[in-house]
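Readers should treat all values here as calculations from the given coordinates under stated rules, not as data from a laboratory. Because the structure is predicted, anything quoted here is derived from the model rather than measured. Here the Cβ positions follow ideal geometry from the backbone for every residue, glycine too, while neighbour counts run over all protein chains shown.
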Amino acid sequence: MSATDQYTVKELTESLGISRQAYYKWLNRQPTERDLFITELSDEVVRMAKKHNHTLGTRGMARHINKESNLSKAVGRKLITRVMNAMNVRITVRAKKHN
């Protein structure tokens, strides 16, 4: 049972402080071109992290994605950072070897 089954839309929107019009606009919105690109990039980041055993940082990830993937645009390090944080992709830091 969802929250909309227990409360009316009017009660929900009033408690959140938004208009009913804004709620319905959000509910029926279509994903933008950028939303679709970010989704595609997220899949590519996860795939690339698994391929390289989570050893790629943001710079290496951006380099490999720009070179190997078929994305419609080149991506920068900052966008890769945001996507990695959103997808909770972490790198494994290797210990330094001392002679």
> What does the charge count near N85 come to, summing +1 for each Lys or Arg and -1 for each Asp or Glu among other residues with Cβ under 14 Å from its Cβ?
Replying inline: +4
> Within a Cβ distance under 11 Å of K51, other residues only, what is the Lys/Arg minus Asp/Glu net charge?
Replying inline: 0
> Once you list every other residue whose beta carbon is under 13 Å from the beta carbon of I65, what net charge do they have if Lys and Arg are +1 and Asp and Glu are -1?
Replying inline: +3
>> Can you compute the label reach from R34? Point 7 Å from Cα along the Cβ direction, backbone N cut-off under 20 Å, restricted to region 41-74.
In response: 41-45, 71-74
>> With angles folded into 0 to 90 degrees, how steeply does helix 33-51 sit against the dominant principal axis of the chain? Use alpha carbons for both and round to 10.
In response: 40 degrees
>> Quick check on my link table: of K67/K96; K25/K50; K73/K96; K73/K97; K50/K73; K25/K67, which ones sit more than 30 Å apart, alpha carbon to alpha carbon?
In response: K25/K50; K73/K96; K73/K97; K25/K67
